[in-house]
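The values are calculated or read from the model by the stated rules, or taken from the named source; none is laboratory data. Note that the structure is a prediction, hence the values are computed from the model and not measured. Counting neighbours? That spans all protein chains shown, and the Cβs are built from the backbone with ideal geometry, glycine included. These accessible areas exclude ligands, DNA and RNA; they are computed on the full protein's heavy atoms, side chains included. Shrake-Rupley method; radii C 1.70, N 1.55, O 1.52, S 1.80 Å.
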Amino acid sequence: MTHKRAVHDMGGLEAGPVDAAGHDHAPWEKKIDAIRNLLSQQNYFGVDELRRAIEALGPGVYDDLNYYERWTAAVTRLLQEKGVITTDELGRMMAAVEQEWQEVRKS
């Protein structure tokens with residue numbers, strides 16, 4: 001039986017050197033880390049569910065997102081799966097954030 005390698009399974013592949021230097025986290029990265037941590041502590045999802053949601057992103061998405069973007073996508077998916085937020089609610093919130101961002105850029 002042949003094992004098909006998933007997009008996240010990079011073991012044994014040439015990937016170049018790992019940059020072990022520190023990383024200054026952007027404010028949004030700190031926020032998604034705090035949100036993920038809070039939701040996990042409140043038992044909305046566990047580490048296994050988060051990992052499943054990240055691994056389910058697929059090659060086109062997984063490869064194009066950075067670490068914290070994957071977390072954001074996975075947390076969003078899990079909250080939708082659990083009925084905490086609907087797709088319509090998410091769309092409205094994203095539109096509101098976009099409008100606020102446009103207003104900030106104008107000033």
Self-check item: Under 5 Å, built H, 5+ apart or other chain: amide partners of I85
Solution: Q80
Quiz item: Amide H neighbours of L57 under 5 Å, counting only residues 5+ apart in sequence or on other chains, H built in-plane at 1.01 Å?
Solution: none
Quiz item: Residues in the range 85-107 near a label at Y44, defined as backbone nitrogen under 20 Å from the 7 Å Cα→Cβ point?
Solution: 85-98
Exercise. Apply 1/(1 + (r/R0)^6) to the Cβ-Cβ distance of A56 and K106, taking R0 = 30 Å, and write down the FRET efficiency to the nearest 0.05.
Key: 0.20
Practice problem: Grab the beta carbon distance between K30 and T87, set R0 = 30 Å, and tell me the FRET efficiency rounded to 0.05. | Solution: 0.70
Quiz item: What does the accessible area per residue of the range 33-107 come to in Å², with a 1.4 Å probe and no ligands, DNA or RNA counted?
Solution: 72
Quiz item: Hey, any idea what % of the range 17-59's accessible area is carbon plus sulfur with a 1.4 Å probe?
Solution: 54
